[in-house]
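The values are calculated or read from the model by the stated rules, or taken from the named source; none is laboratory data. Computed from a predicted model, the values in this text were never measured in an experiment. Here Cβ is always computed from backbone atoms with ideal geometry, including for glycine, and neighbour counts include all displayed protein chains.
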Amino acid sequence: MKKLIVLLLIAGSAVAAEWKAPTTWTLPGGYLKKFPLHEVTDAELVTEMGAPEQTMVMGEAVFWTYVYRDGSEVRWTFILHDGIVVDVQYRAQRGRSDSARKRQGLDAW
């Protein structure tokens, strides 16, 4: 019985750790706090969200931005370094912004 409970807990934590694309209804604070930084690759990002609407290169960082055009104009920007997501930034139409690194209490990558 104990083995079954342990297996269920492990399986449940693995499912909870899966990364999903944000939607218009995603609460940014919780999403950013739980986003698995330094684990998601550029290939996984494209598979989950498609091609970015906007891209920009600044030094060694690559910025991929996805804009939800449903009236909310919410922008999610994924910052990649060496093909790995090192930060995620959220920006609402009215200027509200937040980032995964800030929410997770991390310094600059």
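With modelled with pLDDT of 95 or more and in a helix (DSSP H, G or I) as the only criterion, which of Ala43, Ala11 stands out?
Working: Ala11 fails: modelled with pLDDT of 95 or more.
Answer to the check: Ala43.
When the residues of the stretch 92-109 are filtered to those that are part of a loop (DSSP other than H, G, I, E, B) and closer than 22 Å to Trp25 by Cα, which remaining residue is nearest to the chain's Cα centre (by Cα)?
Among residues in the stretch 92-109 that are part of a loop (DSSP other than H, G, I, E, B) and closer than 22 Å to Trp25 by Cα, the one nearest to the chain's Cα centre (by Cα) is Gln104.
Restricting to the stretch 32-71, name every residue that is of a type in the set (Ser, Thr, Tyr) and either within 17 Å of Asp87 (Cβ to Cβ) or exposed (fewer than 13 other Cβ atoms within 10 Å of the Cβ) (or both).
Selection gives Thr41, Thr47, Thr55, Thr65, Tyr66.
Would a scan of the stretch 47-57 turn up a residue that is in contact (Cβ under 8 Å) with a residue 40 or more places away in the chain, farther than 19 Å from Asp107 by Cβ and of a type outside the set (A, V, I, L, M, F, W, C)?
no
Give me the pairs: first residue in the stretch 81-109 and within 10 Å of Leu37 (Cα to Cα), second residue acidic (Asp, Glu) and assigned to a helix (DSSP H, G or I), beta-carbon distance under 8 Å, and six or more apart or on different chains, which are they?
Listed pairs, sorted by first residue: Ile84/Asp42; Val85/Asp42.
Step by step: first the residues of the stretch 76-91, then only those that are assigned to a strand (DSSP E or B) and more than 12 Å from the chain's Cα centre (by Cα), then the one that is surrounded by the most Cβ atoms within 10 Å (Cβ to Cβ). Which residue is that?
Quick first cut of the stretch 76-91, residues assigned to a strand (DSSP E or B) only: 76-81, 84-91.
Add one more test, that the residue is more than 12 Å from the chain's Cα centre (by Cα), and what stays is 81, 91.
Values: His81: 14, Arg91: 18.
Out of the qualifying residues, it is Arg91.
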